[in-house]
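One structure is given here, and the rest of the page talks about it.
Computed from the coordinates by the stated procedures, all read-outs in this text should not be read as laboratory data. It should be emphasised that the depicted structure is a prediction, and the values quoted were computed from it without experimental measurement. FYI the Cβ positions are ideal-geometry reconstructions off the backbone, even for glycines, and counts take in every protein chain you see.
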Amino acid sequence: MKNRSTVRLDEGVQEALARLSKISGKTKNRLINEAVASYVKDQALAMAHEADALHQALKAYQTKDPDFEAAIDRFVEAEADSKTDPAEGTVDPTSESLTAHVQHLVDA
């Protein structure tokens, strides 16, 4: 299934694309598709390399810190077991809103 897309190209790029189309015998649409496909492939490969480097760095960190996995397990277990979490906070319906408090101070 082909989808239509609208792109805005700088005038210089348009002119170069027209010349390349004429010289190569390929349509401008085909040239644009080839260029975008090549760009997407290159970017995906670059991101895969970055992800691999991050994974290697994490593995190296785990090697330096043998307690890493156990620390993660303890954290997950503590989060799962916690009935109340003071870091989550609660709303106190009896307290004055900040806006009302500031207004009270301004009016004083």
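Points worth noting:
- Folded to 0 to 90 degrees: helix 28-64 orientation relative to the chain principal axis, Cα: 40
- Helical mean residue ellipticity (222 nm; -39500 (n - 2.57) per DSSP H run of 4+; nearest 500) of the chain: -23500 deg cm²/dmol
- Note on residue 68 and residue 45: their simple-model spin labels are 2.9 nm apart, each label 7 Å out from Cα toward Cβ.
- Total lysine pairs whose alpha carbons fall under 29 Å of each other in the chain (8 or more apart, or interchain): 8
- Computed from Cα positions, the angle between helix 98-107 and the longest principal axis of the chain comes to roughly 70 degrees.
- Seen against the Cα atoms of the chain and their longest principal axis, helix 68-81 is set at about 60 degrees.
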